[in-house]
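Just below is one structure, and these are the notes that go with it.
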Amino acid sequence: MTASLGRATPDVAAQGENGRRYLDFSTGADHHRPRDVEAALRVARQATGRRNVLACRGDVPAGSVLVTGVVAIPFPMTHHHGRDTDTATRFALRELDRVLRTISSPSDTAAIIVEPVLSEDGCVPATTAFMKGLRERADRHGFLLIIDEVRTGFGRTGRFWGHEHFGVTPDVLVTGEGLAASEELVRNAEVMGARLRAGLQAVGASVRAIGDVRGLGLMLATEFVTADGHPDGETAARVQRAALEQGLLVQLCGTWNHVVRMTPELVIDEAGVDEALRAWAAAVAAEVWRR
């Protein structure tokens, strides 16, 4: 969607494999993301003649009405409630099926919308079984699978599109700013992301307050928890401030602002990663206790 038009009118960007058409919902900037998503939802509703949309959220109870016609469904938060990946995935899909039986029947459901990595809910990657489960249910019930790649697209996760990690194809793809990410940049995000993640995990292994290190490519996050495992936004905020004093800019996310997210430029090199890790280690050491 072109920003200057200010209306939800997508353009056909390309003809994909198996005759699929890819629609351009990009307004050219992340702050236009709500408008981009709204455009995708309008297309889904018009294409199916159905009203409701199911939106994958992290800490919102299944069945909660987010806005009129948009119902929350769970995302597999594998680091919460002591669940392993398989258990979290089964729970999320089971709750989706319950919502389809009790709150938004398939005949009333136009689409499911999901991010490959939940961004604001704590930078949580999806699982392959979950994404394939969404695709299977969309095909079975005749609604659309919308994948929101505003934050994850154009190489950020080490694949050109984040959903490529999971082997699924969306019906509608929501994109952000149209960057010319080359194969070299995508590969760099994969390699440098692995280096950054290893360094973050090394810091986390010696710190009691770090409950999880996660993400894909150069979209990584560290979650801070209290001694009894609850979200610790206070410590996360202190570490963020300490990191800034070290010259490192990081973001807070998650329901309680207890997750510190790192999304460096795709052109970052080994020296840049190592410099960031030194600053991060110093910030963490200054603000939290050791194991």
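The values are calculated or read from the model by the stated rules, or taken from the named source; none is laboratory data. Being a predicted model, the structure only gives us computed values, none of them experimental. All Cβ positions, glycine included, derive from the backbone under ideal geometry; neighbour counts span all protein chains shown.
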Problem set entry | Members of the stretch 75-109 found to be more than 26 Å from Cys123 (Cα to Cα), surrounded by fewer than 18 Cβ atoms within 10 Å (Cβ to Cβ) and in contact (Cβ under 8 Å) with a residue 12 or more places away in the chain, listed by number | Thr102, Pro106, Ser107, Asp108
For this session: Quickly run through the stretch 210-241 and pick out the residues that are in contact with a Phe, Trp or Tyr (Cβ under 8 Å, 6 or more places away or on another chain) and more than 18 Å from Val124 (Cα to Cα).
Result: Thr235, Val239
For this session: Just give me the residues in the stretch 128-168 being of a type in the set (Val, Ile, Thr) and crowded, with 20+ Cβ neighbours inside 10 Å, in sequence order.
Result: Ile146, Ile147, Val150, Thr152, Thr157, Val168
For this session: Might you let me know whether the stretch 153-175 holds any residue that is aliphatic (A, V, I, L, M) and either out of contact with any Leu (no Cβ under 8 Å at 6 or more places or on another chain) or over 30 Å from Gly49 (Cα atoms) (or both)?
Result: yes
For this session: Go through the stretch 97-119 residue by residue and tally those that are over 23 Å from Met219 (Cα atoms) and either in contact with a Lys or Arg (Cβ under 7 Å, 6 or more places away or on another chain) or of a type in the set (S, T, N, Q) (or both).
Result: 7
Exercise. Just a yes or no: is a residue in the stretch 50-67 at pLDDT 75 or above and part of a loop (DSSP other than H, G, I, E, B)?
Worked result: yes
Problem set entry | All positions within the stretch 24-45 that are modelled with pLDDT under 70, farther than 12 Å from Val172 by Cα and surrounded by fewer than 22 Cβ atoms within 10 Å (Cβ to Cβ) | Gly28, Ala29, Asp30, His31, His32, Arg33
Exercise. Would the stretch 222-243 turn up any residue that is in a loop (DSSP other than H, G, I, E, B), surrounded by 17 or more Cβ atoms within 10 Å (Cβ to Cβ) and under 23 Å from the mean Cα position of the chain (by Cα)?
Worked result: yes
Exercise. Do we find a residue being in contact with an Asp or Glu (Cβ under 9 Å, 6 or more places away or on another chain), within 17 Å of Leu118 (Cβ to Cβ) and not in a helix (DSSP H, G or I) anywhere in the stretch 189-209?
Worked result: no
For this session: Go over the candidates Val267, Val273, Val284 one by one and state the one that is part of a helix (DSSP H, G or I), in contact (Cβ under 8 Å) with a residue 60 or more places away in the chain and more than 22 Å from Arg208 (Cα to Cα).
Result: Val273
Problem set entry | Single condition Glu177 does not satisfy, out of (1) surrounded by fewer than 21 Cβ atoms within 10 Å (Cβ to Cβ); (2) within 19 Å of Val124 (Cα to Cα); (3) at pLDDT below 95 | (2)
Exercise. Which one of the conditions (1) out of contact with any helix residue (DSSP H, G or I) (no Cβ under 6 Å at 6 or more places or on another chain); (2) not assigned by TED's automatic domain parsing to the domain that holds Leu41 does Asn257 fail to meet, given that it meets all the rest?
Worked result: (1)
Seminar exercise, completed: Exactly one of Arg214, Arg187 is at pLDDT 95 or above, of a type in the set (Lys, Arg) and farther than 29 Å from Asp84 by Cβ, and that residue is Arg187
Problem set entry | Pick from the stretch 114-156, criterion closer than 14 Å to Pro74 by Cβ and assigned to a strand (DSSP E or B), ranking: nearest to the chain's Cα centre (by Cα) | Leu118
